[in-house]
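Structure record follows, encoded as structure tokens.
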């Protein structure tokens, strides 16, 4: 799951970032309105944490923008504004939840999971692609009655490709999806090659269609033959 943390307080931002990374999320951060605006426009997230008091802009406008653009991301306002009116306004403008500061990190994590779970259920309980049946709630992939035993990264690559079916997906975009702001820590794209190779092998072992294609020099494309 990929998150965007929009928070201008460096200490709090780092505390949230480190905690959520340990919980297994891929995280990106933004410290002001322009940075957050750019990231929201350029990338997709499963959940966005929005502080309302931001340098160079109001976080509430980011909430409005996400909803006007019909973003599928869950939105949680995390703010020091703790009046009833503030909470009502945040929710009416499109936030899925509103958490006031100070807060417990475990509660934040529980709320993130709840919002993502609701969003996933609203979109679809399962994804059908050719012979593949993907059940996001259980992170399960089945081919007929056979379950495909995938690693976390193999699953994330597969579902990312399926959600971008019939489109060429670059190696850069896959790396950014898997690693977020820390994609530069990967020395090369060898880790993507290895995961895709293993994914393709596991699909072939289950006699699944040859959906996954390599677009040499660019990336990959998944489509039903």
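Values quoted throughout were computed directly from the atomic coordinates according to the rules given, and no laboratory measurement underlies them. Quantities reported herein were computed from a predicted structural model and do not represent experimental measurements. Ideal geometry is used to build each Cβ from the backbone, glycine not excepted, and the neighbour counts take in all protein chains shown.
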Exercise for review: Using a/c under 1.5 as the rounded threshold, could you call the chain rounded, prolate or oblate? The axes a ≥ b ≥ c are square roots of the C-alpha gyration tensor eigenvalues, and prolate needs a/b larger than b/c, oblate otherwise.
Suggested key: prolate
Exercise for review: Using only Cα atoms, tell me the angle between helix 10-22 and the longest principal axis of the chain; keep it within 0 to 90° and round to the nearest 10.
Suggested key: 30
Check your understanding: How high is the relative contact order of the stretch 127-222, in percent, counting Cα pairs under 8 Å that sit 6 or more residues apart?
Key -> 32
Check your understanding: Where in the stretch 153-172 is the amide nitrogen less than 18 Å from a point lying 7 Å along the Cα-to-Cβ axis of residue 126?
Key -> 159, 162-163
Review point. Using 1/(1 + (r/R0)^6) with R0 = 25 angstrom and r between the beta carbons of residue 165 and residue 23, what's the FRET efficiency to the nearest 0.05?
Key: 0.30
Point to revise | Anisotropy class of the stretch 2-123 from Cα gyration tensor, a/c 1.5 cut | key: rounded
Practice item. May I ask you to order 10-16, 26-32, 45-51, 83-89 by the average number of other C-beta atoms within 10 Å around their residues, highest value first? Key: 45-51, 26-32, 10-16, 83-89
**Study point:** Three-way shape call for the stretch 1-60 based on the alpha-carbon gyration tensor, with the a/c threshold at 1.5
**Key:** oblate
Check your understanding: How much length, in nm to one decimal, is gained on full extension between residue 71 and residue 190, taken as 0.36 nm per residue of separation minus their Cα-Cα distance?
Key -> 39.7 nm
Check your understanding: To the nearest 10 degrees, how steeply does helix 152-163 sit against the main Cα axis of the chain, on a 0 to 90 scale?
Key -> 90
Check your understanding: When DSSP assigns beta bridges and you keep just the ones with both residues in the stretch 1-112, what percent turn out antiparallel, to the nearest 5?
Key -> 10
Review point. Once fully extended, how much extra length lies between residue 44 and residue 215, figured as 0.36 nm per residue of separation less the alpha-carbon to alpha-carbon distance?
Key: 59.3 nm
Revision key, fill the gap. Computed, not fitted: 222 nm per-residue ellipticity of the chain from DSSP H runs ≥ 4 (each -39500 (n - 2.57)), nearest 500, equal to -13500 deg cm²/dmol
Review point. Which whole-number percent gives the relative contact order of the chain, counting Cα pairs below 8 Å spaced six or more residues apart?
Key: 15
Point to revise | Using alpha-carbon coordinates, inclination of helix 59-68 to the longest axis of the chain, degrees | key: 40
